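Structure record follows, encoded as structure tokens.
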Amino acid sequence: MATTEAEWLVALPRAVGEHPCTVHAGSAEIRIQEGRLLLQWHALPPRVIGLLRLQRLAVTFAFEGVDEAARQRFMKRFDLTMQRGGG
């Protein structure tokens, strides 16, 4: 993801919405119905395109006990919230 950890941590509560979320250093646990999503992240070297430097995080998603429909609903909101772009 093209973001800094500080930006990620600001956006994370909005992205998870009403789901309870516990954040630790480099990880978070989000409760989704009877299951959970475990997120882990770490910084990557910036992507450099000419004079542009994009900070990046490698983020892994591990769903446990979350049915497909609930996972899709969660990820739709999460992706829209975390989406970045210009115009």
- How large is the accessible surface per residue of the chain, computed with a 1.4 Å probe and reported in Å² as a whole number? 67
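Among the GluC sites (Glu not before Pro) within segment 4-72, which fall in a DSSP loop and have no more than 13 other Cβ atoms within 10 Å of their own Cβ? Can you show the working numbers first?
On the way: sites: E5, E7, E18, E29, E34, E64, E68; in loops: E18, E34.
Those satisfying the criteria are E18, E34.
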- Message: Restricting to Cα pairs below 8 Å that are 6+ residues apart, what does the relative contact order work out to for the chain? Please round to a whole percent.
- Response: 31
- Note on the structure: A 1.4 Å probe over the protein heavy atoms gives the chain a carbon and sulfur accessible-area percentage of 55
- How large is ³J(HN,Hα), in whole Hz, for each residue of segment 42-57 in order, when computed from phi with the Karplus curve 6.51 cos²θ - 1.76 cosθ + 1.60 and θ = phi - 60°, using x for Gly and Pro? 8, 6, 10, x, x, 8, 10, 10, x, 8, 7, 10, 9, 5, 9, 10
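Go through F63, F78 and list them by solvent-accessible area, largest first, probe radius 1.4 Å.
On the way: F63 55, F78 0 Å².
Accessible-area ranking of F63, F78, largest first: F63, F78.
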- Note on the structure: Spelling it out for T3: with amide H atoms placed in the peptide plane at 1.01 Å from N, the residues 5 or more places away or on another chain with amide H under 5 Å from its amide H are R56, L57
- Item | ³J(HN,Hα), Karplus 6.51/-1.76/1.60, whole Hz, each residue of segment 15-20, x for Gly, Pro | 5, 8, x, 7, 6, x
- In terms of the charge dipole of the chain, which places +1 on Lys and Arg and -1 on Asp and Glu at the beta carbon, the residue among V66, V23, V48 farthest towards the positive end is V48
- Orientation-averaged projected area, Cα convex hull of segment 31-87 (nm²): 5.2
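The values are calculated or read from the model by the stated rules, or taken from the named source; none is laboratory data. Not measured: the values here are computed from a predicted model. Neighbour counts are summed over all protein chains in view; Cβ atoms, including those assigned to glycine, are modelled from backbone coordinates with ideal geometry. Each accessible area value is taken on the protein alone, full model and side chains, heavy atoms only, with ligands, DNA and RNA left out. Shrake-Rupley method; radii C 1.70, N 1.55, O 1.52, S 1.80 Å.
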